[in-house]
Amino acid sequence: MNARPTPFPAGLSAASLPIGRDPAAVRQRVEAMERLLEGLFVIPGINRRVGLDAIIGLVPVVGDLTAAAMGMYIVWEARNLGMGKLALAGMTARVGFDALLGAVPFVGDAADLFYRSNTRNLKRIKRHLDKHHPATVTVSR
């Protein structure tokens, strides 16, 4: 039986998010933001996780801009980790593509279920952290 995903990783709430600049704190914040944007709850029947990115993307223009700004927070945290310019450019391009796709009526709303720029960016950050900051590695479920 699949456990229902929580808005934040296990044992973590919005009030307990770390505020430090160390890689472990950044990892927790980025994981929490990705979960908020992409995996807040599961749609019954199709068993797909959705989050604020898909929900606020339903509001024309303002919703897509807000979702893009929240996605850029993940890129900003990656910059704070010292990731390379090429990696940051790729992550920014993913967020921009997601925002442009979301600007197309109806098609963009459906695409939010399948193209998850924030999840892809989180995977890129985790690869960087695992390579350059191995002490931050956590066991995935």
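The values are calculated or read from the model by the stated rules, or taken from the named source; none is laboratory data. Predicted model, so just to flag it, every value in this text is computed and none were measured. FYI the Cβ positions are ideal-geometry reconstructions off the backbone, even for glycines, and counts take in every protein chain you see. All accessible areas refer to the heavy atoms of the entire protein, side chains included, with ligands and DNA or RNA removed. Shrake-Rupley method; radii C 1.70, N 1.55, O 1.52, S 1.80 Å.
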Checklist outcome for this item: (1) part of a helix (DSSP H, G or I); (2) open to solvent by 30 Å² or more (accessible area, probe 1.4 Å) all hold for residue 63 apart from (2)
Checklist entry - Of 89, 135, which residue is surrounded by fewer than 17 Cβ atoms within 10 Å (Cβ to Cβ), part of a helix (DSSP H, G or I), over 13 Å from the mean Cα position of the chain (by Cα) and free of Cβ contacts under 8 Å to residues at least 60 places away in the same chain? => result 89
Item to check | the stretch 1-58, subset under 13 Å from the mean Cα position of the chain (by Cα) and either at pLDDT below 85 or part of a loop (DSSP other than H, G, I, E, B) (or both), residue surrounded by the most Cβ atoms within 10 Å (Cβ to Cβ) | outcome: 51
Next on the checklist: What are the pairs with Cβ atoms under 6 angstrom where one residue, in the stretch 92-108, is more than 15 Å from residue 38 (Cβ to Cβ) and the other, located anywhere, is modelled with pLDDT of 95 or more and open to solvent by less than 60 Å² (accessible area, probe 1.4 Å)? Sequence gap at least six, or different chains.
Outcome noted: 92/75
Checklist entry - Cβ-Cβ below 7 Å, separation at least six or inter-chain, first residue in the stretch 71-82 and touching a residue at least 40 places away in the same chain (Cβ under 8 Å), second in a loop (DSSP other than H, G, I, E, B): which pairs? => result 80/21
